[in-house]
Amino acid sequence: MTEAEAESSGKPAPGEQAPGEQAAWEQSFAELWESLLPVGRTPAGYRRYSWTPADEGCRAWFRAAAQARGLPVESDRNGNLWAWWHPAPAAPATSAVTPTTSALSASGALERRAVAVGSHLDSVPDGGAFDGPLGVASAFAAIDLLRERGFAPARPIAVAAFTEEEGARFGVACLGSRLLAGAIEPAAAAGLRDGDGVSLAEAMAGAGLDPAALGPDDDRLAGLAAYVELHIEQGSALDGLGAPVGLAAGIWPHGRWRLEFAGRADHAGTTRIADRHDPMLPFGAAVLAARAAAVGRGALATFGKVIAEPGAANGISSAVRAWLDARAPDEPTLEALITEVTAAARAAAAEHGVALDLRRESFTPAVSFDPALRDRLATALDPAPARPAPAGPASRGPGPGRPAASGGIPVLPTGAGHDAGILAARLPTAMLFVRNPTGVSHSPAEHADLADCLAGVAALAAVLADLAGP
Ligand code: GLV
Ligand code: MN
Ligand code: MN
């Protein structure tokens with residue numbers, strides 16, 4: 001029975017379930033999800049840092065999911081995982097995606113280049129279950145859905161899981177995709193150290209990888225026509241619009257700066273105020289300056305990690321190390337914000353006889369996702385003509401979540417970083433967002449309803465059918 005016949009008979013088309021019945025792909029998404037939930041779980045959330053036992057658990061989950069689907073898996077030179085669904089040898093090789101208008105055919109004869117989908121499996125400290133893993137589990141479930149519907153890819157499909165997207169262990173966000181894309185020097189990456197002084201090179205060697213192989217992988221990128229990342233929305237714009245799924249417009253420029261205030265350890269009960277060199281005070285001034293600089297510019301600035309040395313409750317600190325995460329709608333605004341915070345921190349440090357060392361640890365320029373690819377996704381997901389941008393509520397936060405519409409599907413800018421943003425410098429990339437009714441992210445309160453996750457899987461499958469289909 002064709003889909004049109006099914007529609008007129010009221011019966012499900014082949015591979016579709018009757019109302020109330022759970023389709024096999026829905027079941028497989030639920031199973032994928034359930035089986036990953038215990039990995040790296042702590043009482044306070046998820047701790048899935050790269051190259052730790054929790055990370056190995058995530059990688060084992062990825063390999064098992066791929067193996068269960070007959071998808072060969074490889075770990076690339078930077079430790080990113082790839083599971084491949086290759087077209088059957090008999091499948092037509094050249095009728096892939098219509099040239100001329102396609103973002104995928106921009107460079108001509110590479111019709112057999114692959115479409116990659118995925119995200120990351122690592123987490124922030126005490127993070128939620130969805131940020132990252134939703135994209136990877138959805139990718140496997142989308143393949144199940146396509147197979148259930150009898151779809152045969154005309155070009156390879158890859159499910160990717162990028163290493164250390166959060167930068168929670170080695171400090172640089174999107175480390176795996178940065179290395180892949182040549183956006184970080186391999187030697188600098190290899191020398192990054194975690195809080196215990198273990199280098200990335202040592203951690204990777206411990207996991208059986210060769211750190212000497214770290215670095216850009218132009219051949220791999222040349223084999224990719226596009227990368228599409230599905231992600232939980234890290235705001236509540238979709239909830240406000242009543243939409244389960246949206247598309248990403250772009251990513252705010254953002255970065256991390258490390259501030260090290262060096263003072264003098266001393267006794268909290270005997271050192272006169274005038275004699276102190278307390279690094280906590282200029283640090284406090286920097287926190288307040290960051291807040292004021294962000295508010296004044298419609299930007300975001302956060303000190304989310306701070307270490308006081310030596311950490312005695314009855315002592316003045318010898319040093320305070322803190323990390324500033326700053327994001328803004330455009331790069332000049334971000335630069336002005338950092339200049340203002342730096343000046344305030346330096347002035348306060350001088351006032352308190354404290355030395356300040358300030359350095360940028362990572363930076364991601366503004367990203368505007370490939371408009372042709374985005375329009376193509378919008379059409380694949382909702383062929384209705386574009387409707388005017390809804391005057392929807394902004395997401396939590398000032399600017400990054402304000403929606404616009406394209407082809408009937410909401411299009412959201414975001415302040416969050418993603419591997420798709422890094423890879424956008426090298427190939428057409430796009431993102432799908434799934435509704436997050438709490439609007440909360442980087443926290444165990446992050447949540448998406450099962451029905452919306454399934455809507456995300458169906459959307460990803462529709463996108464794959466369009467991009468990788470005959
Ligand atoms: C990643 O989630 C980031 O935006 O830092
Ligand atoms: Mn994140
Ligand atoms: Mn993420």
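The values are calculated or read from the model by the stated rules, or taken from the named source; none is laboratory data. All of these numbers come straight from a predicted model, not from anything done at the bench. Cβ atoms come from the backbone with ideal geometry, glycine included; neighbour counts cover every protein chain shown.
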Next on the checklist: Considering only residues that are of a type in the set (A, V, I, L, M, F, W, C) and surrounded by fewer than 18 Cβ atoms within 10 Å (Cβ to Cβ), which ones fall in the stretch 429-439?
Outcome noted: none
Next on the checklist: Would you confirm whether or not the stretch 151-164 contains a residue that is closer than 16 Å to Glu361 by Cα and either surrounded by fewer than 23 Cβ atoms within 10 Å (Cβ to Cβ) or within 16 Å of ligand 3 (Cβ to nearest atom) (or both)?
Outcome noted: yes
Item to check | Unique match (being on the phi > 0 side of the Ramachandran plot, modelled with pLDDT of 95 or more, under 16 Å from the mean Cα position of the chain (by Cα) and crowded, with 18+ Cβ neighbours inside 10 Å) among His442, His447, His418 | outcome: His442
Checklist entry - Take the residues of the stretch 167-179 that are outside any loop (DSSP other than H, G, I, E, B) and within 16 Å of ligand 3 (Cβ to nearest atom): which is surrounded by the fewest Cβ atoms within 10 Å (Cβ to Cβ)? => result Gly176
Next on the checklist: Condition (residue is more than 16 Å from ligand 3 (Cβ to nearest atom), in a strand (DSSP E or B) and surrounded by 24 or more Cβ atoms within 10 Å (Cβ to Cβ)) applied to the stretch 226-235: is it met by at least one residue?
Outcome noted: yes
Item to check | Residue in the stretch 311-335 that is nearest to Gly171 (Cα to Cα), counting only those that are buried (at least 17 other Cβ atoms within 10 Å of the Cβ) and free of Cβ contacts under 8 Å to residues at least 60 places away in the same chain | outcome: Ala319
Checklist entry - Given (1) within 16 Å of ligand 2 (Cβ to nearest atom); (2) of a type outside the set (Lys, Arg); (3) in contact with a Gly (Cβ under 8 Å, 6 or more places away or on another chain); (4) not in a loop (DSSP other than H, G, I, E, B), where does Ala139 come up short, assuming only one miss? => result (1)
Checklist entry - Are there any pairs, at least 6 apart or on different chains, whose C-beta atoms fall under 7 Å, with the first in the stretch 122-140 and more than 13 Å from ligand 1 (Cβ to nearest atom) and the second at pLDDT 95 or above and of a type in the set (Lys, Arg), and if so, which? => result Asp126/Arg47; Phe140/Arg69
Next on the checklist: Please pick out the residue among Gly206, Gly235 that is touching a residue at least 24 places away in the same chain (Cβ under 8 Å) and more than 16 Å from ligand 2 (Cβ to nearest atom).
Outcome noted: Gly206
Checklist entry - Do we find that Asp196 is out of contact with any helix residue (DSSP H, G or I) (no Cβ under 8 Å at 6 or more places or on another chain) and either among the charged types (D, E, K, R) or more than 15 Å from ligand 1 (Cβ to nearest atom) (or both) in this structure? => result yes
Checklist outcome for this item: Scanning the stretch 68-80 residue by residue, those in contact with a strand residue (DSSP E or B) (Cβ under 6 Å, 6 or more places away or on another chain) and exposed (fewer than 15 other Cβ atoms within 10 Å of the Cβ) turn out to be Pro72, Glu74
Checklist entry - Does Gly197 qualify as being outside any helix (DSSP H, G or I), touching a residue at least 24 places away in the same chain (Cβ under 8 Å), away from ligand 2 (no atom under 16 Å from the Cβ) and not aliphatic (A, V, I, L, M)? => result no
Item to check | Yes/no for Leu230 being out of contact with any His (no Cβ under 8 Å at 6 or more places or on another chain) and more than 16 Å from ligand 2 (Cβ to nearest atom) | outcome: no
Checklist entry - Any idea which residue in the stretch 244-273 is surrounded by the most Cβ atoms within 10 Å (Cβ to Cβ), counting only those that are hydrophobic (A, V, I, L, M, F, W, C) and over 20 Å from Ala313 (Cα atoms)? => result Leu247
Item to check | Ala160 free of Cβ contacts under 8 Å to residues at least 12 places away in the same chain and away from ligand 1 (no atom under 16 Å from the Cβ) | outcome: no
Next on the checklist: All but one of (1) away from ligand 3 (no atom under 16 Å from the Cβ); (2) touching a strand residue (DSSP E or B) at 6+ places or on another chain (Cβ under 8 Å) hold for Asp131; state the number of the condition that does not hold.
Outcome noted: (1)
Checklist entry - If you scan the stretch 423-440, which residues turn out to be within 15 Å of ligand 1 (Cβ to nearest atom), farther than 15 Å from Ser138 by Cα and touching a strand residue (DSSP E or B) at 6+ places or on another chain (Cβ under 7 Å)? => result Leu423, Ala424, Asn436
Checklist entry - Which one of Ala60, Ala54, Ala65, Ala83 is surrounded by 15 or more Cβ atoms within 10 Å (Cβ to Cβ) and without any contact (Cβ under 8 Å) to a residue 24 or more places away in the chain? => result Ala54
